[in-house]
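Taking it in order: structure first as structure tokens, then the write-up.
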Amino acid sequence: MTTIAFETTDLPIIGAPMAGGTTTPELAAAVARAGGFPFVAGGYLSAEALAPLVERMRETTENFGVNLFAPNTVPIDRGAFDAFVSALEPVAADRGVAIDPEPVDDDDHYSDKVDYLVDNPVPLVSMTFNIPSAEVVDRLHSVGTQVVATVTTAAEARTAADRGIDALIVQGPRAGGHSGTADPTRSIEDRATVDLVNDVLAEVDLPLAAGGGVDGPESVDELLQAGASAVVVGTLLLLSDEAGTAPTHRAALQSADFDETQLTRAFTGRPARALVNDFVRKFDPIAVDAYPALHHLTKSFRAQAKKDDDPQGLHLWAGTGYRGAQTGSAETIVKELGAPFTRN
Ligand SMILES: Cc1cc2nc3c(=O)[nH]c(=O)nc-3n(C[C@H](O)[C@H](O)[C@H](O)COP(=O)(O)O)c2cc1C
């Protein structure tokens, strides 16, 4: 079996790609310095905005990945969307935010970014939100890039294998941020990531990394024992010095006022795990399966909540392991987490 780029680092730890400014170049560089595998988070960016981040990563290490959102638009139930708009409008007005009630759709500049990565090859590209087409996989392979898909079920793993994917990132439902599921309308039951790893390994014979809900070395050990060749951590890096996590988000992660996480479509129309706040309590029950329309609809509201330092209006992404997140340098956090499992 081919060796995958994330299998060659000193430590079997992958610094999760966290789009929206959380994975800064400094965070990715710290993960690399620690001996982990770093990602450039390409989601929400144009190809022009992605390019300097990739170039900066190349200056730090030659072994890294770039993560993209593969388009997966869910047809919008206009009635349900309009009802959500009606509920959000007065709450947004109270905050002085006007919202655009027309659903906005886009492909997150996917084709442009794939073109850029074909012209400027990197060692590894990972996709989340959908399994890339065989054509995209072939194009990336033709320039020597390994292609990885995030999967959340054994069936998605089978689809990925059939399309020529080199390796998988198995994401359990306890992960912070968006679920990478290729079927964002499905209901996602809680289960341990290790159980999902076992299901996937029974279905396909591909190298895989796994993550979701990791809260310390014991969960790393469990996933490696189950057959993962590396472990993905996102939430455990959110409080690190180098992460771009907003101060309001950092404070909430450390506050006794926020004591549970939930998978919710309330912020973006796609299931994502966040600390439960007033926004989740109010809007989760009426949330619509409509990514990226809901993401665009709530964006200005969330930006204002961030400016107002109000954790009740912000998407406070967090996996179930958030109590294990520590402050300090990401290099130390990754080293301490991965040291017991050093390769070679
Ligand atoms: C703030 C945040 C942003 C994220 N953004 C992305 C992203 O852009 N692309 C992606 O593939 N996964 C993203 N994820 C999910 C991670 O890749 C990973 O699956 C998750 O962090 C692992 O679970 P953990 O948070 O419990 O460690 C994000 C997670 C968080 C917490």
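The values are calculated or read from the model by the stated rules, or taken from the named source; none is laboratory data. All of these numbers come straight from a predicted model, not from anything done at the bench. With ideal geometry, Cβ positions are generated from the backbone for all residues, glycine too; neighbour counts draw on all protein chains shown. Each accessible area value is taken on the protein alone, full model and side chains, heavy atoms only, with ligands, DNA and RNA left out. Shrake-Rupley method; radii C 1.70, N 1.55, O 1.52, S 1.80 Å.
Table for the structure above
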item	result
Relative contact order of the range 1-43, pairs being alpha-carbon contacts under 8 Å that are 6 or more residues apart, as %	46
Reachable lysines from Lys306, criterion Cα separation under 24 angstrom, eight or more residues apart if same chain	Lys282
Normalised convex hull volume, the range 216-344, alpha-carbon set, Å³ per residue	126
Student exercise, the range 74-221 dipole from Lys, Arg, Asp, Glu Cβ charges, in Debye to nearest 20	200
Size descriptor, Kirkwood hydrodynamic radius, that averages inverse alpha-carbon separations across the range 97-185, Å	14.3
Helical contribution to [θ] at 222 nm, DSSP H n ≥ 4, -39,500 (n - 2.57), averaged over the chain, rounded to 500	-11000 deg cm²/dmol
Beta bridges per DSSP with both ends in the range 167-283, % antiparallel, nearest 5	45
Average silhouette area of the range 162-276, convex hull of alpha-carbon atoms, in square nanometres	8.4
Inter-part distance where the range 277-344 and the range 47-90 are each reduced to a Cα centre, Å	15
Solvent exposure of the chain as accessible area per residue, Å², 1.4 Å probe	39
Reduced Cα scattering model of the range 9-55, Debye log10 I(q)/I(0), q = 0.22, 0.29 Å⁻¹	-0.71, -1.03
Portion, in percent, of the accessible area of the chain that falls on carbon or sulfur, probe 1.4 Å	47
Local electrostatic count at Thr60 - Lys and Arg +1, Asp and Glu -1, tallied over other residues with Cβ under 13 Å	-3
For the chain, size of Cβ-based charge dipole, Lys and Arg +1, Asp and Glu -1, in debye	340
Contact order normalised by residue count of the chain, Cα under 8 Å, 6+ apart, percent	21
Axial C-alpha extent at least 27 Å, average Kyte-Doolittle at least 0.5 - helices from the chain (DSSP)	none
DSSP beta bridge pairing in the chain, given as percent antiparallel to the nearest 5	20
